[in-house]
Structures are given as structure tokens and as C-alpha cells.
Amino acid sequence: MSNLMKAVQFYRFGGPDVLQYEDAPKPQITAHDVLVRVHAAGLNPPDWYLREGFKALTPEWRPKVNFPAIPGTDISGVVEAIGDDVTDFSVGDEVYSMVRFPSGLAGGSRGYAEYVAVSVSEIGHKPQGIDHIRAAAAPMSLLTAWQFLIDVGHDEANPLQPPRHEPVSLEGKTLLVNGAAGGVGHFALQLAKWKGAHVIAVASGKNEALLRDLGADEFIDYTMQAPEDVVRDVDLVVDSVGGAKSGRFLRTLKRGGTLFPIFALGFEGADEAKKRDVIVSTTQVRSNGAQLKEIAPLLSDGTIKVVIDSAYPLEQASAAHARAEKGHIQGKIVLTVR
């Protein structure tokens, strides 16, 4: 058996054109790993942050990247081999995972490849009711929404804020989701509906039919009106876009409400939040096989649907990244592996 596989690697930071489809060493597994033959790999923002050299971060926050680097965290595939201590998985099992995140942030996850080694603690059996493309699209975005809204699932120190992030009760509450058609956003909408919330979805007008089909009770086309100008007294805002502009949503919240910016770097509303008695909280998504197992039935029975923007063969990863750079992604972009 060959010790080589096909993978997407890059040797320098840059645009989508730096991604190269070529031979790479097949990963080795430890006693606690499984080797997965990848059928599909999902794209996520950390993939292009890595490819660009984390240029949005200040120099002291940028992790060191060793070249050549293979991006990608989210995979779905079939178990090819198991480590000596693995008991919960067998060769031939269909599985999905968010691989080594955030520990693999600097290229150690290595999901854009024909094979990937995964710790049993980070893997779950693939939901039976969906294909590999949808299974590969789910892990990072859905675990992000889950860990923000349902269960953090770990006690690791939060690198983004001193206090531990705590989800809030959703039943009977009114929740606004900004960026509701994106990866995290469309899952946050569905989880909130599953938990009994009234959901206001914010996205561009072309997404209204999709988001209402996913359960949105109200829809705001941000290209026609700013949600912060028309919404008041909601209990929770999930801003899946985040960044410096998240503070504008403080005025939509009732006193004592909560704002969850998914991307919290650059947030500029701490003083105003304090004046309004609003809790602002964020967390860092982490790999969690137990949560993937818990989520799988919801994906399998259609309680949570995975929206696919587009799919590209692995060898066209640069085209997939170019699509991501255009923005306005509806759901997720996925790479298929032959």
C-alpha cells in the first residue's frame, strides 16, 4: 500500500492560487486514533484565515505555521484503520468530525486530503439520514452554534474573555440571528426553533424563502433596512458576522438581554453594554466527538437541515476558496474527495 495520498497543500501565504493539489505523506495513527478515508471536507473561515497567514490578527496572536500546510478541519468519510486502543469504532464505519480544533488551527487539522488521522474523542458516527457532503458541512458551524446556544461542552479557559461562556434559556424567548443564511447562522436559527424560541432572521432578501423554510418567524432584509433601527426588546442576539460592528445590536436588546458575537475580535461596545445591563459573551469552538454523537439524530431525522452553497472536487480547492472570497455564502461550501 502506498504511503502517499492526494492532498491540498500550500507553501506560502496568499490568495486561493497558493493552494496546490499534490502528493503528500499519508498520516500515521496512534493507539487512540482512527484513520479516515475522506469522502468530503467542509470549508470554514479558519481555512482561509490560515491560508492568508492570519492577517486579521495582531502579530502576537498569529500562530506559527509550518510549511507545507494542509488546511481543513471538517471531514466525513469511512474508517480505514483503527488504533490498538479504539473500541467504539470499526473499519468500515461512516464517521464525521471537526479535527483537532483549535489545536490544529495552524495547519494541524489537515482535512483537505484523502486520509486524515482523528482522535476517537473528536469523532462521531455519521448521521444515517444525510450524505457525506452534508455531514462534512456540519461539524464546525454546527458545533459553534451548539456550544454558544446549548452546551459549551468543556471547561477549557476562554482565550477571548475571562468568564466561562454560558448559554441562556431559549424557550419562549425572542432571538435575532444576524447572518442567518451563513454556516453558523442557519444552524443557530434551527437550534433556537428546536428549543422553542421566536426567531428573527437577518440576511439579504434572496435568502428569505430559505430561512422561512428553516423556521424563521420574522425576516429582515438588511439591504433594505438596518435591523438595529427596527428591532427592539429581544432577549438574545446571535451575531454570526461579529467584529467591530456587533455593538450596533445592543440597542435591539431589552435591559438584561444577551449578545453573542460569534467573531468577537474588535468588539467595541463594552461600555454601552454595561450601561444597558446587557451580557456580551463569546467562546472558542472546540472539537467534541460526544456532541457530534448527540447532534447526529437531529441531522439524521431532518430536525436540523444542512444547506449547501456549492461543492467542488478536492483538486479545485482554490476555486472553492475563490467562491468563499466572494461572500454571501448560503449555508456551506464543501470539497468532494474521489
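The single residue among Ala56, Ala24, Ala41, Ala81 that is modelled with pLDDT under 95 and in contact with a Leu (Cβ under 8 Å, 6 or more places away or on another chain) turns out to be Ala56. The set of residues from the range 224-247 being of a type in the set (D, E, K, R) and out of contact with any strand residue (DSSP E or B) (no Cβ under 9 Å at 6 or more places or on another chain) comprises Glu228, Asp229.
Taking the criterion of being over 20 Å from the mean Cα position of the chain (by Cα) and touching a residue at least 24 places away in the same chain (Cβ under 8 Å), the residues of the range 84-116 that qualify are Asp84, Asp85, Val86, Asp88, Phe89, Asp93, Glu94, Glu114, Tyr115. For the range 21-38, the condition holds for no residue, the condition being that it is polar (S, T, N, Q) and under 17 Å from Leu105 (Cβ atoms).
Report whether or not Arg232 is in a loop (DSSP other than H, G, I, E, B) and not assigned by TED's automatic domain parsing to the domain that holds Pro102. The answer is yes for Arg232.
For the range 168-201, the set of residues classified as surrounded by fewer than 19 Cβ atoms within 10 Å (Cβ to Cβ) and without any contact (Cβ under 8 Å) to a residue 40 or more places away in the chain consists of Ser169, Glu171, Gly172, Gly196, His198, listed by residue number.
If you check Arg110, Arg62, Arg51, Arg100 for being surrounded by fewer than 16 Cβ atoms within 10 Å (Cβ to Cβ), assigned by TED's automatic domain parsing to the domain that holds Ala311 and not hydrophobic (A, V, I, L, M, F, W, C), only one passes: Arg62.
For the range 298-310, the count of residues that are in contact with a Leu (Cβ under 6 Å, 6 or more places away or on another chain), crowded, with 21+ Cβ neighbours inside 10 Å and in a strand (DSSP E or B) is zero.
Inspect all residues belonging to the range 281-294 and state whether any of them is among the charged types (D, E, K, R), modelled with pLDDT of 95 or more, touching a Lys or Arg at 6+ places or on another chain (Cβ under 6 Å) and crowded, with 18+ Cβ neighbours inside 10 Å. No, the range 281-294 contains no residue that is among the charged types (D, E, K, R), modelled with pLDDT of 95 or more, touching a Lys or Arg at 6+ places or on another chain (Cβ under 6 Å) and crowded, with 18+ Cβ neighbours inside 10 Å.
The values are calculated or read from the model by the stated rules, or taken from the named source; none is laboratory data. Quantities reported herein were computed from a predicted structural model and do not represent experimental measurements. Don't worry about glycine lacking a Cβ; one is built from the backbone with ideal geometry, like all the others, and counts go over all protein chains shown.
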